[in-house]
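None of the figures in this text is laboratory data; all of them are computed from the coordinates on show. As the structure is a prediction and not an experimental result, all values here were calculated from the model. Virtual Cβ from ideal backbone geometry, glycine too; neighbours counted across all protein chains shown.
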Amino acid sequence: MRVVEVQQYGGIDTLRVVERPEPGPELAQGRVRVRLAAAAVNPVDTATRAGYTAALVPDLTGPFVLGWDFAGITDDGQAVAGFVPWFEQGGRVGTYTSVLLADPAWFAPVPVPDDRPADLVAASTMPLNAVTAAQALRLAGLTAGQRLLVTGASGGVGGFAVQLAVAAGLDVTAVASTGDEAFVAGLGAKTVLSRTATPSPRSFDGVLNAASAPEAIAAVRDGGVFVAVTDYSAPAAERGVRVDTVHVTPDREQLAEVLAAGLVTRVAGTLPLAEAAEAHRRLEAGGLRGKLVLTV
């Protein structure tokens, strides 16, 4: 099988395409063999390759395989999508591969409407970000009618958070990147702000911070809630505001729900698995709208 390895922490040139023996059923040990069709490339992949997350996997040495999101076909013919809890696995399992041994808790069926072929490229862009958004909203604990500010609404987590929050009956204001205001409005946000705008202070019951905007805590009312997607984007608590950070974990039932929810997702482009290095170049260059997906 074809695999893209990181030989050692560093630049894009540390990525290598190699051939490995395909794991047979006898090696599954409770896992399911999935023949991948697509694997989304996430910012955490480039950060990990560069060594920025090395402290989270202190025992990991090269070569290792990157990748969280995947979509493919199981040996029994079922189309599935899911994500590998990469850090939890110590970096020993990644999705930049043509065949994956996956824990059943990591994936769920991809709905196939009207007997059409499953769109596995689009499906591969959803698991990690959509489940992160769902778990962040659950952590926030807001109820229908309350006001939520979503930062980073042009991105994967933020865009899914807007859609899920609207579906839950929240009054959503979303912060969009320049040029993405119409797209974010189309996700259902009641109000869309540009990234340079300053939200009204103390006017929201909660903030879901899917961007690097800890200062957005100023928009939360006294005693409200602020949920960050990353540790570094979580501010110090103030004014009785509860501050939490979501640390996503696999949840098969929740994943099945978001895959079936008809969420809008964006694919910035596709590249063959062997061109993972080019995908990293494009992602690090910035300016993408949507996910780059490696196809197998």
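In terms of the Cα gyration tensor, with a ≥ b ≥ c the square roots of its eigenvalues, is the range 1-147 rounded because a/c is under 1.5, prolate because a/b exceeds b/c, or oblate? Since a/c reaches 1.5 but b/c is at least a/b, the shape of the range 1-147 is classed as oblate.
Based on Cα contacts under 8 Å between residues 6+ apart, the range 129-245 shows a relative contact order of 23 percent.
Here the calculated FRET efficiency for R195 and Q29, from their Cβ-Cβ distance with R0 = 51 Å, stands at 0.60, rounded to the nearest 0.05. Let me make sure I get this right: for the range 129-245, a, b and c are the square roots of the gyration tensor eigenvalues over alpha carbons, sorted descending. Under 1.5 in a/c it's rounded, otherwise prolate if a/b > b/c, else oblate. Which is it? Rounded, because the longest to shortest axis ratio a/c is under 1.5. Once C-alpha pairs closer than 8 Å and six or more residues apart are averaged by separation and normalised to the residue number of the chain, the relative contact order reads 18 percent. Taking the centroid of alpha carbons for each part, the range 174-199 and the range 41-120 are 30 Å apart. Each residue of the range 149-163 was assigned a 3J(HN,Hα) from its phi angle through the Karplus curve 6.51 cos²θ - 1.76 cosθ + 1.60 (θ = phi - 60°); the sequence is 9, 10, 8, x, 6, 7, x, x, 4, x, x, 5, 4, 4, 5 Hz, with glycine and proline shown as x.
What is the fewest-to-most order of S124, S200 by other Cβ atoms lying within 10 Å of their Cβ?
Numbers: S124 33, S200 12.
In increasing order of surrounding Cβ atoms, one gets S200, S124.
With a 10 Å Cβ neighbour count serving as the proxy for reagent exposure, in which order, fewest first, do E275, E253 appear?
E253, E275
Farthest toward the positive end of the dipole of the chain, out of Y9, A167, A28, is the Cα of A167, where the dipole comes from beta carbon charges about the Cα centre.
Stretching A167 away from R92 to a fully extended chain increases their span by 23.3 nm, per 0.36 nm per residue minus the current alpha-carbon distance. Expressed to the nearest 5 percent, the antiparallel share of DSSP beta bridges inside the chain is 50 percent.
Where does each of V246, V207, V150 land when they are ranked from fewest to most other beta-carbon atoms within 10 angstrom?
Listing V246, V207, V150 from fewest to most nearby Cβ atoms yields V246, V207, V150.
Across the range 192-203, rounded Karplus estimates of 3J(HN,Hα) from the backbone phi angles (6.51 cos²θ - 1.76 cosθ + 1.60, θ = phi - 60°) give 10, 10, 6, 5, 8, 6, 10, x, 4, x, 6, 10 Hz, Gly and Pro being marked x.
Note on V18 and R252: with the Förster distance fixed at 45 Å, the Cβ-Cβ geometry gives a FRET efficiency of about 0.90.
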